[in-house]
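Report on the following structure.
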Amino acid sequence: MDRRQSARRASAKTRHDAATRGGSARRFRGGFSRGGATRDALIDAGIRVFGRDGYHAATTKAIASEARANQALISYYFGGKEGLYRAVVERIVDMVAARIGPVAAEMEAALATGIAASAARAAYLERIFELLDRFVDVLSSDESAAWAGIIVREQQEPSPAFEILYERLQGRLLARLAALVARVRGRRTPTADDRLTVLTIIGQALIFRVARASALRFTGWSRLEPAQKARIKKILRRNVRALLAEAKRDA
């Protein structure tokens, strides 16, 4: 009898210990999950606050309040304001790359794959048009309003985070576009003129974000709806085709 009671007690203890370990594990995993959510919330809040106020005027107190998180967690997760800003720029690069990535991959494929001479110019032009279409979609979206301010400030007053922005996103896209422009013009290697042409082309799309208020006032539009975006894309294609045709005659 004593042995049976001892066995029952041992079995109950084993079940209790297993349940306790399981509960601890769930709490442990849940803690990590909540921690990840808090870190993401701080980055999202950082995008809004840095985009609105700029790096120097933004405070960790304001960012923590925006995220509804403890201010001390900024130091815990990022080491301070500068580390959070770096994480914010990395998040922006990832978001833009996710939206432009498929088109960029097609650009890479077009540059790497041999195209018949008779179809080459049209094929390279189409890749340029596709990227410009995606630029218009991304830059005219409501969600780009916050992070666009950060990108614009980085162009005017580059911080150490500019290297992330340029090396991982802008520089790569500009280089691919320059390569496509060179191919349209019948060259294998971009020249200084090709690079300047690319900057001119990109500027035509960027104005609808960096000078959005003026663009809307001048056109008489209240916002950029799908119909307005379609018109912008059509005119951009026309302008690029004319620009590259003119350059080809001058070459």
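We did not get these values from a lab; they are worked out from the coordinates using the rules stated. Predicted model, so just to flag it, every value in this text is computed and none were measured. Because the Cβ atoms are built from the backbone with ideal geometry, glycine has one as well, and the counts that use them run over all protein chains shown.
Just order 155-167, 179-191 by mean Cβ neighbour count inside 10 Å, highest at the front, would you? Before the final figure, lay out each step's value.
Numbers: 155-167: 14.2, 179-191: 18.0.
Top to bottom by mean Cβ count within 10 Å: 179-191, 155-167.
Taking every pair of alpha-carbon atoms in segment 85-250, give the share separated by more than 21 Å as a whole percent.
On the way: 6765 of 13695 pairs.
Roughly 49 percent, once rounded to a whole number.
Would you kindly state how much longer the chain becomes between T219 and V152 on full extension, computed as 0.36 nm times their sequence separation minus their alpha carbon distance, in nm to one decimal? Please report the intermediate quantities before stating the final value.
Details: separation 67, 0.36 × 67 = 24.12 nm, distance 2.27 nm.
Value of the extension gain: 21.8 nm.
Cα to Cα, under 17 Å, and not fewer than 8 places away if on the same chain: which aspartates and glutamates meet these conditions relative to K229?
Candidates past the 8-residue exclusion: E130, D133, D137, D142, E143.
Which three extents, in whole angstrom, do the alpha-carbon atoms of segment 119-214 cover along their principal axes, largest first?
Projected onto the principal axes, the Cα atoms of segment 119-214 cover 41, 27, 21 Å.
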